[in-house]
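Each value in this text was obtained by applying a stated rule to the coordinates, not by laboratory testing. Treat the numbers as computed from the prediction; the structure is a model and nothing was measured. Reconstructed Cβ throughout: ideal geometry from the backbone, glycine too, with neighbour counts over all protein chains shown.
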Amino acid sequence: MGENARRKYVRFLLFEKTLTEAEILSGFFGVASKKDCVFDLFFGTDYHSHLGTRRAGMAVFGEKGFDRAIHNIENSPFRTKFERDFEEMKGHIGIGCISDNEPQPLLVRSHLGNFAIATVGRINNADQLVREAFACGKTHFLEMSGGSINATELVASLIDCGQNIPEGIRYAQERIDGSLSVLILTAEGIYAARDKLGRTPLVIGKKEGSFCVTFESFAYLNLGYEYMKELGPGEIDFVTPDGAEVIAPPGKEMKICTFLWVYYGNPASTYEGLNVEEMRYRCGNALARRDNICADSVAGLPDSGTAHAVGYANGSHLPLTRPFIKYTATWPRSFMPVNQKRRDLIAHMKLIPIASLIRGKRLVLIDDSLVRGTQMRGTADFLYKSGAKELHIRLACPPILYGCPYLNFSRSDSSLELIARRKIAALEGSDAEETVAPYTDPDSPQFAAMVEGIREELQFTSLKYHRLDDMIESTGMPACKFCTYCWNGKK
């Protein structure tokens, strides 16, 4: 083995154990304005705080060139950590990002010029891409404190393979197994690129003398912007203070994440013309149409279960109550912590019971989903100990049978972390992929047996899941536009 080859092999070994999966759950916001943009950038980025709890950053370009600030927000909210930067940063073009993993935006100097970059998505083949980068002469990547490579830096290195930024974005999206939406800040404007299959949203807003680009469409409303357009799948636009130019047209195929409406999208946001809150009302109503339960009241598990409960109550004519109140003043979102015990503890600590609305009552409790089952088991114990007579669980989506390979909200190290897959393994004596298909059919005896196993383990009085066909019908859009992989394994 030659010396150069040996060095490359050693570098590969150093990263092989620490970069098994580069993954991102984040949101971003960008502004191009004829005047200072920091006010809009600060608050527009802050409105994405529900999408990440660990890292946040802002980058601007102004008279003094590029300026950037990145902070850890695990123990303090975005606004608190960036108050000084808000006062000191100056620029007319900027991007901001809130992430649940790597620090970003990053500042990059390359043959394409100087730019700042922020990404949303997931990279499953990061190891392969790093090996190829080393083989092509890439000397190093900066290692993060957790021992992994910054996924956004890896994306930047792929973009640098192009002859220009749009060509580089296209190249990165084609090479990445997973998903990638990106904002790139240059001295002239912002390149905004939606994932090639549109798995996550990207919207442009406008007001006099200013344009913005955002993951969440509601983020610009209180800043005076109005809707201009939503980028199509794979579309690349160049946003300046004078407008938005289409650099690469959208593709025809779309696979937007359905969980945006079910769970992690903000209720005030609208994707592909469909508002999140309205969609949740429709799903709850569809659940009620297939139900005939006798109960005293219906309640939603805060936050995303609440809107589904409104729809269910309207459809069933059962009274809507709030038997517990979510205390959010100091508790972060429970799905973000990596440690499962901490996640479960936070979920429990946030809920404050109202005994008079629970004791002796037959409750219908609606949640957005059931992934591992540990949080819902704790909630059920909590309600029974508070005196609930019956507990009828209704879930706003089908059983989750596959970890998401495109985004991070339902990631799992093993399929057996998913409670539905554990029940299939118990029933079939195996967790082999070929045993799963019959359990995706809500009319099959296998599906009924799986649901009964989950109900028995979690000690619910009854348990029903939303049907996938009812869910898609509730959108009013063709099924082919949605990614439903986590429920039926279809890519």
Along the charge dipole of the chain, pointing to its positive end and built from +1/-1 on Cβ of Lys, Arg, Asp and Glu, which listed residue (Ala244, Gly489, Gln446) has its Cα farthest out? Gln446
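Suppose the chain between Ala449 and Arg322 were pulled fully straight at 0.36 nm per residue; how much longer would it get relative to their current alpha carbon spacing? Could the numbers behind the result be given before it?
On the way: separation 127, 0.36 × 127 = 45.72 nm, distance 3.14 nm.
Contour length minus Cα-Cα distance gives 42.6 nm.
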If R₀ is 60 angstrom, what is the calculated FRET efficiency for the pair Leu427 and Arg84, using the beta carbon separation as r and rounding to 0.05? 0.55
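Quick one: compute the contact order of the stretch 3-251, relative version, from alpha carbon pairs under 8 angstrom and 6+ residues apart, as a percent.
Working: 609 pairs, mean separation 52.1, N = 249.
This gives 21 percent for the stretch 3-251.
If each residue of separation counts as 0.36 nm, what is the full-extension length gain between Gln459 and Lys207 once their alpha-carbon separation is subtracted?
Numbers: separation 252, 0.36 × 252 = 90.72 nm, distance 5.34 nm.
Gain on extension, Gln459 to Lys207, equals 85.4 nm.
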Cut-off under 16 Å on the C-alpha distance; same-chain residues fewer than 8 positions from Lys385 excluded. Which aspartates and glutamates are left, in chain and number order? none
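Go through Lys64/Lys229; Lys206/Lys229; Lys229/Lys491; Lys34/Lys206 and tell me which ones have a Cα-Cα distance over 21 Å in this structure. Don't jump to the answer; show the numbers that get you there.
Details: Lys64/Lys229 32 Å; Lys206/Lys229 9 Å; Lys229/Lys491 27 Å; Lys34/Lys206 12 Å.
Exceeds cut-off: Lys64/Lys229; Lys229/Lys491.
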Scoring only Lys, Arg, Asp and Glu (+1, +1, -1, -1) among other residues with Cβ under 10 Å from the Cβ of Pro399 yields +2
Given the pairs Lys90/Lys207; Lys350/Lys464; Lys361/Lys423; Lys464/Lys490; Lys196/Lys350, which span a C-alpha to C-alpha distance of over 27 angstrom in this model? Lys361/Lys423; Lys196/Lys350
Just how large is the dipole of the chain about the Cα centre, in debye to the nearest 20, putting +1 at every Lys and Arg Cβ and -1 at every Asp and Glu Cβ? 980 debye
Label-point separation (nm) for Lys64 and Asn114, each offset 7 Å from Cα along Cα-to-Cβ? 1.3 nm
Distance between modelled label sites at Ile293 and Phe382, nm, 7 Å Cα→Cβ extension: 1.7 nm
For the chain, find the longest principal axis of its Cα atoms and tell me its angle to the long axis of helix 340-349, 0 to 90°, nearest 10. 60 degrees
Roughly how tilted is helix 3-16, in degrees to the nearest 10 and between 0 and 90, from the longest Cα axis of the chain? 30 degrees
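Calculate, in whole percent, how much of the Cα-Cα pair population of the stretch 25-95 lies beyond 20 Å. Working shown, then result.
Details: 533 of 2485 pairs.
Percent of Cα pairs beyond 20 Å in the stretch 25-95: 21.
With +1 on each Lys and Arg Cβ and -1 on each Asp and Glu Cβ, and nothing else charged, work out how big the dipole of the stretch 3-251 is about its Cα centre, in Debye to the nearest 20.
Values: 27 positive and 34 negative charges, 104 e Å.
Using Cβ point charges on Lys, Arg, Asp and Glu, the stretch 3-251 gives about 500 debye.
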Give the lysines reachable from Lys138 as a straight Cα distance under 24 Å; neighbours fewer than 8 places away on the same chain don't count. Lys8, Lys17
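What is the chain's relative contact order, in percent, from Cα pairs under 8 angstrom and six or more apart in sequence?
Details: 1083 pairs, mean separation 58.0, N = 491.
In percent, rounded to a whole number, it is 12.
First check a/c for the stretch 271-488, with a ≥ b ≥ c the square roots of the eigenvalues of its C-alpha gyration tensor; if it is under 1.5, answer rounded, and if not, answer prolate when a/b is larger than b/c or oblate otherwise.
Numbers: a/c = 1.36, a/b = 1.22, b/c = 1.12.
Rounded, since a/c falls under 1.5.
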So what's the angle, to the nearest 10 degrees on a 0 to 90 scale, between helix 126-135 and the longest Cα principal axis of the chain? 20 degrees
